[in-house]
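Enquirer: Quick one: the structure is below, and I'll ask about it shortly.
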Amino acid sequence: MGFDLPGLLAERGGEGYELQARYINPQMSRMLHTIGFDKVYERAEGSYLYDKDGQRYLDFLSGFGVFAVGRNHPVVRKALHDMLDADLASMVQFDCALLPGLLAERLVALAPGMDRALFCNSGTEAVEAALKFARCATGKARILYCDHAYHGLTVGSLSVNASGEFRSGFGPLLDDTRIPFGDLDALAAELRKGDVAALIVEPVQGKGVQVLPDGFLRSALALLHDHGALLICDEVQSGLGRTGRCFAYEYDDVEPDIVTVAKALSGGYAPVGATMAKDAIFGKVFSSMDRVVVHGSTFAANATSMAAGLASLAVIEDEQLVANSERTGDLLRQRLAELADRYEMLAEVRGRGLMIGLEFGKPRSMKLRAGWSMLQKARVGLFAQMVVVSLFQRHRILTQVAGDHMEVIKLLPPLTIGEAEVGQFVGAFTDVMDEAHRGSGLMWDFGRTLVKQAMTR
Ligand SMILES: Cc1ncc(COP(=O)(O)O)c(C=O)c1O
């Protein structure tokens, strides 16, 4: 009788994969079984996950960048307990609650050039608002986006998402236009057509972890403004310290017109996103009392998300996580870059702060070429997948491939990590690269399994 969460967890723990297969998305459980990621996690703390057998896993994925402050941070947890105990009047809708006001005040203070913030429930929703606001503020329709861009999966965001694999089957999408990442000439050519509302860009792209050329944002902003168009920086992944600055656009010393955030703002507890912009843009959207609810979302300013957001920002500041991201990110990148001389298949180490991409490339030696070609012929990206699986199986470190059809893995650890985790990762990665460069062994056996699967998919 009644609802008993601890009892439910104890009684049904371990059924997650079966339930997923039966009631949610069966391809998810199938994929996780295939790559051996089908663990049952029982608990998490800081940079580590623990499975039902008490085994510890180092989390260099952070829930796609959500756990910037680490998992189950005591300050965020306490804020949420306090929020529940306060029996707040959340989501009255016809009031101006305190917590959203405080969170907006805090966010715009952190984001150079931003005056206002409107909340939502996810990254893609923050992008949707940005696209609508840009259209409304400029009176133009077309949005420019970049090769390899990822801005979310709702229809507006998908229209500025460059990946065919995500778009496929969901068209027709909006009539937006893709330009090469970091290409000012292409931007200028599109702007000359006179119908562009904005360029949306990730200063560090999540897919493939590509960093914009220095000065691009500054030049792009000037060009866009010359043509009555706006610059939207999508900082859903790169924002709030991930790249060693509070916002990655700060590297170019610019003030964009619109900035989106989400992920890290949640503290890993409650979905939250925000679209920040200059005052004049909000003024165009909410131009009269008649338009007061012209954009919004029922749950947007709920007290749980607002409390999680405020507490997360406090932790980021108190623990100086932006500085730690820069310092520890530099150390990790430097230690990994040293390995590029030793391992012929490690082609490049790149990124900013604790957003790091490791790209693999064709080996020179005959011994390795056959294996590499076998994988490439079946599907580009299988070698990176082999590395991710080896890091997980042999060393219990969780990472991800940085996108489909590319030989890149991405590291997105919590911003709280230090030298110990850097050492743990570099040691494990060295071991995996050693095995990969032997050209035989369990890792390559698994590679052949992946090839078979790719052929029969
Ligand atoms: C840059 C960027 N924008 C938007 C999104 C979409 O966020 P969400 O998955 O919360 O909708 C993501 C998610 O990975 C992202 O990396």
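FYI, it's all coordinate maths here, none of it is from the lab. Everything numeric in this text was worked out from a predicted model, so none of it was measured. Using ideal geometry, Cβ is built from the backbone for each residue, glycine included, and neighbour counts are taken over all protein chains shown.
Enquirer: In debye, nearest 20, what is the charge dipole magnitude of the chain about its Cα centre with +1 on Lys and Arg Cβ and -1 on Asp and Glu Cβ, if you could check? Please report the intermediate quantities before stating the final value.
Expert: Working: 47 positive and 56 negative charges, 303 e Å.
I would put it at about 1460 debye.
Enquirer: Sticking with this one: Put a dot 7 Å past each Cα toward the Cβ at residue 184 and residue 298; how far apart are the dots in nm?
Expert: My value for the distance between the label points is 4.8 nm.
Enquirer: Would you please give the FRET efficiency between residue 339 and residue 290, computed as 1/(1 + (r/R0)^6) with r the Cβ-Cβ distance and R0 = 51 Å, to the nearest 0.05? Intermediate values should be presented prior to the final figure.
Expert: Numbers: r = 61 Å, r/R0 = 1.19.
Approximately 0.25, to the nearest 0.05.
Enquirer: Using the per-residue mean of other Cβ atoms lying within 10 Å as a proxy for protection, in what order, highest first, do the peptides 448-454, 11-17 fall? Could the numbers behind the result be given before it?
Expert: Details: 448-454: 15.1, 11-17: 11.9.
With the highest mean Cβ count within 10 Å placed first, the list reads 448-454, 11-17.
Enquirer: Taking the Cα centre as origin and putting +1 on Lys and Arg beta-carbons and -1 on Asp and Glu beta-carbons, what dipole magnitude results for segment 325-372, to the nearest 20 debye? Write out the running numbers ahead of the final one.
Expert: Working: 10 positive and 7 negative charges, 38 e Å.
My answer is approximately 180 debye.
Enquirer: For segment 184-314, give me the percentage of DSSP beta bridges that are antiparallel, rounded to the nearest 5 percent.
Expert: Details: 5 of 12 bridges.
Here the antiparallel bridges make up roughly 40 percent for segment 184-314.
Enquirer: What dipole magnitude, in Debye to the nearest 20, does segment 188-345 give about its Cα centre under +1 on Lys/Arg Cβ and -1 on Asp/Glu Cβ?
Expert: Working: 14 positive and 22 negative charges, 76 e Å.
The dipole magnitude comes to about 360 debye.
Enquirer: Please find the FRET efficiency linking residue 214 to residue 85, where r is the Cβ-Cβ separation and R0 is fixed at 56 Å, and quote it to the nearest 0.05. Walk me through the numbers on the way to the answer.
Expert: Details: r = 49 Å, r/R0 = 0.87.
Efficiency, from the Cβ-Cβ distance: 0.70.
Enquirer: Let me check I have the definition right: for segment 39-109, take the eigenvalues of the Cα gyration tensor, multiply each by 5, take square roots. What are those semi-axes in whole Å, largest first?
Expert: Working: eigenvalues 209, 48, 20 Å².
Calculated on Cα positions only, the semi-axes equal 32, 16, 10 Å.
Enquirer: With a 10 Å radius around each residue's Cβ, average the other Cβ atoms per peptide and rank 144-154, 20-30, 59-69, 390-400, highest first.
Expert: Working: 144-154: 22.2, 20-30: 12.2, 59-69: 23.7, 390-400: 19.7.
In descending order of packing, they fall as 59-69, 144-154, 390-400, 20-30.
Enquirer: Dipole of the chain (Lys/Arg Cβ +1, Asp/Glu Cβ -1, origin at the Cα centre): which of 241, 400, 131 lies farthest to the positive side?
Expert: After comparing all options, I get 400.
Enquirer: Determine, for each peptide in 235-248, 200-213, the mean count of other beta carbons within 10 angstrom over its residues, then list the peptides with the highest first.
Expert: Numbers: 235-248: 27.2, 200-213: 22.9.
The densest-packed peptide leads the list: 235-248, 200-213.
Enquirer: I need the calculated FRET efficiency for the pair residue 141 and residue 25, taking r as the beta carbon distance and R₀ as 35 Å, to the nearest 0.05. If you can, show how the numbers build up before the last one.
Expert: Values: r = 34 Å, r/R0 = 0.98.
Plugging the Cβ-Cβ distance into 1/(1 + (r/R0)^6) gives 0.55.
Enquirer: Whole percent per 5 Å bin, from 0 to the bin with the longest distance: what is P(r) over all C-alpha pairs of segment 192-330?
Expert: 2, 9, 15, 19, 19, 16, 11, 6, 2, 0, 0
Enquirer: So between residue 317 and residue 373, what do we pick up on full extension, going 0.36 nm a residue minus the alpha carbon distance? It would help to have the intermediate numbers written out before the result.
Expert: Details: separation 56, 0.36 × 56 = 20.16 nm, distance 4.75 nm.
Computed gain between residue 317 and residue 373 is 15.4 nm.
Enquirer: Please state the relative contact order of segment 181-247 as a whole percent: Cα pairs under 8 Å, 6+ residues apart? Working shown, then result.
Expert: Working: 65 pairs, mean separation 25.1, N = 67.
Here the relative contact order equals 37 percent.
Enquirer: Plugging the Kirkwood radius over Cα pairs into Stokes-Einstein for the chain, at a temperature of 10 °C and a viscosity of 1.306 mPa s, what D comes out in µm²/s? Walk me through the numbers before you get to the answer.
Expert: Working: Rh = 23.3 Å.
Using the Kirkwood radius from Cα pairs, D works out to 68 µm²/s.
Enquirer: May I have the extent of the alpha carbons of segment 40-193 along their three principal axes, as whole Å values ordered from largest to smallest?
Expert: Taking max minus min along each principal axis of the Cα atoms, segment 40-193 gives 56, 45, 31 Å.
Enquirer: Using just the helices of the chain, give the 222 nm mean residue ellipticity in deg cm²/dmol: DSSP H runs with n ≥ 4 each add -39,500 (n - 2.57), and the total is spread over all residues, rounded to 500.
Expert: Values: 18 runs with 205 residues, N = 457.
Using -39500 (n - 2.57) per qualifying helix, the result is -13500 deg cm²/dmol.
Enquirer: Over all Cα pairs of segment 133-249, how is the pair count split among 5 Å bins, expressed in % and running from 0 up to the last occupied bin?
Expert: Here the calculated profile for segment 133-249 is 2, 12, 23, 24, 21, 13, 4, 1.
Enquirer: Distance in nm between label sites at residue 167 and residue 193, each 7 Å beyond Cα in the beta-carbon direction?
Expert: 1.3 nm
Enquirer: As I understand it, the dipole of the chain uses +1 on the Cβ of Lys and Arg and -1 on the Cβ of Asp and Glu, about the Cα centre. Which of 168, 74, 372 lies farthest toward its positive end?
Expert: 372
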